[in-house]
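In what follows, a structure is listed as structure tokens, so that the remarks can point back to it.
The values are calculated or read from the model by the stated rules, or taken from the named source; none is laboratory data. Everything numeric here is computed off the predicted structure, so don't read it as measured data. All Cβ positions, glycine included, derive from the backbone under ideal geometry; neighbour counts span all protein chains shown.
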Amino acid sequence: MTSVAAVGTGAAAVGRLPTEQGDFVYDVQAMRIVFGPGRLNLLGDEVARLGWAKVLVLCTPGRRALGERLAEMIGPGAAGVFSGARTHVPVGVAVAGTAEARRVGADGCVAVGGGSAIGLGKAIALETGLPTICVPTTYSGSEMTPVWGLTADGEKTTGRDPVVLPRTVIYDPELTVDLPRATSAASGINALAHSVEALYAPDLTPVVALMAEESARSLASALPAVVDDPTNIDARSLALRGSWLAGACLGATTMALHHKLCHVLGGMFELPHAETHTVVLPHVAAFNLRAAPGAADALKRALCTDDPARALSELNRSLDNAPSLESLGLEYGDLGPAADAVLARPYRNPRPVVREAVLAILDAAWRGVLPSARAQ
Ligand code: NAD
């Protein structure tokens, strides 16, 4: 793979691009994005644009007041608020939400909140075909993906279906100012993980590579400012813009070892979703970027560093994110079963996923030892 010189300067090399070689298929997902502070005030217009007359608003119990505010904004077209959304969409919640949508005769749903509320909208869409508008208030990025998930008996089943993609996404940074510091920091790194894994995905395309690099740049520069002052609307806007792009990357590419590890740790040991991503990401980046020079160079540019894995680790530390899997409550004895579960059904990865390597990553993540790309 060759380096590319900066155009017009003939001076500094800008590094390898992640997609310098290879064929690709770029499949555009048709979604309408409405972005900007205060844009929630267009919700009524967006509902009218879709011709909906009976709208069910979906949220978690903690976001009930916000759900009711949205129902008020929709006016006579609002058919109710279902505030039973929960993380990882338990099947019982999906059944209850679907029954409520049928009971009120909904012709569309508005999901407001994080990945839990959006996940419930997807589950209802999967069952009924009902279209949705998403109003995300975290950085999970779920609204940009055709991936649905349902949990039963501690096991999460996921799949892809374009029917779960929202018709419209309204990103209003003002809705994120009350997202607590710690949740913002963890959710933001969760988004950054999508960008990192997109950059070495087998189905990366030039467009998605641009989005991934830009989202990593936006998130890395916005998150410290968000944590410093959660009401800083410029920082909130940049973070939300980064999470939109990161979500688009997640929706357009195949994720690898990092996401597999997080799914296993979340599913088997009920570790918190976004926090698990924050702990694991630098360790998998240190392991994988050695085999993905184009991705490594994109992250070097985006994070202004020579060592992206270490920069991710330092970003975590500056944001006060959890230092280790141990601090999230994982027992050391759980590492072996987790490695076995990863190997039982591995995702495609730039480096071979062998037990010794997975255990080494888990061990370092459990201890919270700073990774160094050069050390592996
Ligand atoms: P979440 O939706 O559970 O939200 C975390 C908590 O923050 C909730 O209690 C919520 O009520 C609260 N909250 C949300 N927005 C807030 C705000 N602005 N102010 C104050 N509190 C707020 O968590 P999440 O991390 O957004 O999403 C995690 C879920 O999303 C998981 O189930 C994960 O598997 C799923 N997910 C799915 C995809 C996908 O593509 N399918 C992608 C990412 C995440």
One residue from Val110, Val93, Val89, Val104 being touching a strand residue (DSSP E or B) at 6+ places or on another chain (Cβ under 6 Å), within 13 Å of the ligand (Cβ to nearest atom) and of a type in the set (A, V, I, L, M): Val89
field: Members of region 69-82 that are without any contact (Cβ under 8 Å) to a residue 40 or more places away in the chain, within 17 Å of Arg39 (Cα to Cα) and within 14 Å of the ligand (Cβ to nearest atom)
entry: Arg69
field: Neighbours by Cβ (under 8 Å, 6+ apart or cross-chain): first from region 106-117, at pLDDT 95 or above; second more than 6 Å from the ligand (Cβ to nearest atom) and of a type in the set (Phe, Trp, Tyr)
entry: Asp107/Trp52; Gly108/Trp52
query: Looking at this structure, is Thr87 hydroxyl-bearing (Ser, Thr, Tyr) and either more than 16 Å from Thr132 (Cα to Cα) or assigned to a strand (DSSP E or B) (or both)?
result: yes
Qualifying positions in region 188-221 - within 15 Å of the chain's Cα centre (by Cα) and under 16 Å from Ser318 (Cβ atoms): Gly188, Ile189, Leu192, Ala216, Leu219, Ala220
statement: Counting only strands (runs of 3 or more DSSP E) entirely within region 96-156, those with at least 1 residues that are closer than 14 Å to Val81 by Cα and of a type in the set (Lys, Arg) are none
message: Checking Pro166 against (1) within 10 Å of the ligand (Cβ to nearest atom); (2) over 24 Å from Glu270 (Cα atoms): exactly one of these is not met. Which one?
response: (1)
- request: Please specify each residue of region 109-158 satisfying the condition of being surrounded by fewer than 17 Cβ atoms within 10 Å (Cβ to Cβ), over 22 Å from Pro61 (Cβ atoms) and more than 16 Å from the chain's Cα centre (by Cα).
  value: Thr128, Gly129, Asp153, Glu155, Thr157
- prompt: So, in region 45-63, of the ones that are under 30 Å from Ala235 (Cβ atoms) and exposed (fewer than 15 other Cβ atoms within 10 Å of the Cβ), which residue ends up farthest from the ligand (Cβ to nearest atom)?
  reply: Asp45
statement: Of (1) without any contact (Cβ under 8 Å) to a residue 60 or more places away in the chain; (2) within 10 Å of the ligand (Cβ to nearest atom), Thr145 fails just (1)
Lone unmet requirement of (1) within 16 Å of the ligand (Cβ to nearest atom); (2) assigned to a helix (DSSP H, G or I); (3) surrounded by 20 or more Cβ atoms within 10 Å (Cβ to Cβ) for Leu271: (2)
task: Run down Asp153, Asp178, Asp161 and say which single residue is within 22 Å of Leu50 (Cβ to Cβ) and acidic (Asp, Glu).
output: Asp161
- request: State all residues of region 1-59 that are modelled with pLDDT under 95 and within 30 Å of Ala71 (Cα to Cα); if no residue qualifies, say none.
  value: Gln29, Ala30, Met31
field: Number of the exception - Leu42 against (1) within 15 Å of the ligand (Cβ to nearest atom); (2) under 27 Å from Ala191 (Cα atoms); (3) not in a strand (DSSP E or B)
entry: (1)
query: Which of (1) in contact with a helix residue (DSSP H, G or I) (Cβ under 7 Å, 6 or more places away or on another chain); (2) on the phi > 0 side of the Ramachandran plot is the odd one out, the single condition Ile170 does not satisfy?
result: (2)
